[in-house]
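Structure first, then comments.
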Amino acid sequence: MMSQDFRPRWKDRDRRANSPGRESGKGRPKRSIAGSSRKGLQTAFSGYEEIQSESKILKLIKGDETLASAREGDEIEVITERTPFYGEAGGQVGDQGLIFYERYSLEVTNTLKPLEDLIVHQARVKRGEVKEGMEASLRVDPVRRRATALNHTGTHLLQAVLREVLGDHVRQAGSFVSAERLRFDFTHFAAIEKGDLSKIEALVNQKVRENLKINTQTMAVEEAIQMGAMALFGEKYGERVRVVMASDFSIELCGGTHTSMDR
């Protein structure tokens, strides 16, 4: 559960457009594009249940070209049959960690999700030579995953408190969740008064200390909405959705990692 006091960076719709805290593409890793070298590939995601798993290398890619092998010092993209690595989505950053086996070791610097059923690891070969078809052990950085999960659950608690203090007109309009911090964008018709800011922070920290039980369920989207789950405005959902519940205080549709599933 969450163990640190919560001090959010406040952004509402009226102030966030030119905010220096808003994320931009400048300086961020080059994003993977689902090109011809990735066509027809799928990855099974196991990261809700585990942060380490065994798999097989399906493809090694550099740019839009498929590689037969890669050696020490090469920066590549790696696609495996199965992975515990969370691919950047829903405002949450991608996992980092290691992919390794007897003859090689790769440092995963970022993980992307260019398609719904495809996860791409951006990696650097640290030792040996890796080849397509090789067996692989995948291990997510547990410290970074845990910190990110704590912050993601924090955004859910924050949204519930915002609606309690400011009104149920509040809706999420964007977010950024990493191991170091979170940013939460939301709709509101005015700047928040200082007294309300203090109240919001105090209430979120109260919920943190209550150690609310976090549960997840997969269900029909209609059932989730009927039970009061918050959905991101404008987001398209499939017939089945994942619901994250912080006791009976917060219920949201969410595909991210949270405190009850970190290891």
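The values are calculated or read from the model by the stated rules, or taken from the named source; none is laboratory data. Since the structure is predicted, the reported quantities are computational estimates derived from the model, not experimental observations. Every residue, glycine among them, receives a Cβ derived from its backbone with ideal geometry; neighbour counts consider all protein chains shown. Ligands, DNA and RNA are stripped out before the accessible areas are found, and what is left, the full protein with its side chains, is counted by its heavy atoms. Shrake-Rupley method; radii C 1.70, N 1.55, O 1.52, S 1.80 Å.
Computed values, structure above
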read-out	value
Residues of the stretch 102-131 satisfying the condition of being aliphatic (A, V, I, L, M) and in contact with a Lys or Arg (Cβ under 9 Å, 6 or more places away or on another chain)	Leu106, Val108, Leu112, Leu115, Leu118, Ile119, Val120, Val125, Val130
Strands (runs of 3 or more DSSP E) lying entirely in the stretch 80-155 (those with 3 or more residues that are of a type in the set (A, V, I, L, M, F, W, C) and open to solvent by less than 10 Å² (accessible area, probe 1.4 Å))	104-115, 118-131, 135-140
Condition broken by Lys126, with the remaining ones in (1) at negative phi; (2) touching a residue at least 40 places away in the same chain (Cβ under 8 Å); (3) under 16 Å from the mean Cα position of the chain (by Cα) satisfied	(3)
Residue within the stretch 251-258 that is of a type in the set (Ser, Thr, Tyr) and under 22 Å from Gly174 (Cβ atoms) present	yes
Tally, over the stretch 45-76, of residues that are open to solvent by less than 40 Å² (accessible area, probe 1.4 Å), closer than 23 Å to Thr148 by Cα and not hydroxyl-bearing (Ser, Thr, Tyr)	2
Only listed residue being in contact (Cβ under 8 Å) with a residue 24 or more places away in the chain, within 21 Å of Thr66 (Cα to Cα) and in contact with a Leu (Cβ under 9 Å, 6 or more places away or on another chain), chosen from Glu88, Glu132	Glu132
Meets criteria (at pLDDT 95 or above and either open to solvent by 20 Å² or more (accessible area, probe 1.4 Å) or farther than 30 Å from Glu50 by Cβ (or both)) for Ser198	yes
Residues being open to solvent by less than 40 Å² (accessible area, probe 1.4 Å), in contact (Cβ under 8 Å) with a residue 40 or more places away in the chain and either touching a Gly at 6+ places or on another chain (Cβ under 9 Å) or not aliphatic (A, V, I, L, M) (or both) - total across the stretch 159-171	1
Cβ pairs under 6 Å, 6+ apart, first in the stretch 211-229 and closer than 17 Å to Thr259 by Cα, second open to solvent by less than 30 Å² (accessible area, probe 1.4 Å) and part of a strand (DSSP E or B)	Leu212/Ala246; Ile214/Ala246; Asn215/Met245; Thr216/Val244; Gln217/Val243
Number of positions in the stretch 110-144 that are out of contact with any Phe, Trp or Tyr (no Cβ under 9 Å at 6 or more places or on another chain) and over 12 Å from Glu88 (Cβ atoms)	11
Residue in the stretch 81-89 that is more than 20 Å from Ser260 (Cα to Cα) and over 14 Å from the mean Cα position of the chain (by Cα) present	yes
Members of the stretch 21-45 found to be at pLDDT 95 or above and closer than 15 Å to Val108 by Cβ, listed by number	Thr43, Phe45
